[in-house]
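Written out below as structure tokens is the structure these notes cover.
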Amino acid sequence: MVRDVYAADDGSAAHAANGKVRASYRVVLDLDPSGLSRVVQHLALANLAPTHLACSRIDEHSMEIRATLQNLSATTAELICRKLSQLTCVFEADCSTEPLADASKEIA
């Protein structure tokens with residue numbers, strides 16, 4: 001299904017459940033010293049601490065950040081992904097969500 005996120009298309013299963021989700025983000029960005037803080041700043045829009053955050057260098061020009069947030073709404077997860085995509089240092093931003101009830105238990 002192709003979605004138009006700018007037209008408030010809320011036909012996804014996550015929206016239909018209207019519950020909390022676990023959101024997993026993958027962001028590929030320019031290898032810029034301030035890139036990590038810019039991405040983390042946008043993740044803070046959910047007002048939640050990430051349950052997972054990892055950063056690794058892909059090549060001499062780019063790095064990848066993977067982050068997981070849980071207990072947020074699907075709308076907030078998608079908003080964060082759209083905002084990440086708008087950063088000038090970001091090449092690619094993806095988000096996958098799963099209903100929190102179906103998500104595996106967090107490792108302590």
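Remark: the L45-D59 segment gains 2.2 nm on full extension, using 0.36 nm per residue and subtracting the alpha carbon distance. Remark: C81, C89 ranked as C89, C81, counting other beta-carbon atoms within 10 Å and listing the fewest first. Under 1.5 on a/c is rounded, so check that first for the range 20-99, then, if it is not, pick prolate when a/b is larger than b/c and oblate when it is not; a ≥ b ≥ c are the square roots of the alpha carbon gyration tensor eigenvalues. Note, shape of the range 20-99 comes out prolate. Based on C-alpha pairs under 8 angstrom that are at least 6 apart in sequence, the range 20-99 has a relative contact order of 49 percent. Taking other Cβ atoms within 10 Å as a rough exposure proxy, I80, I58 sort from fewest to most as I58, I80.
Readers should treat all values here as calculations from the given coordinates under stated rules, not as data from a laboratory. All figures in this text were calculated on a predicted structure; none of them were measured in a lab. Backbone-built Cβ (ideal geometry, glycine too); neighbour counts: all protein chains shown.
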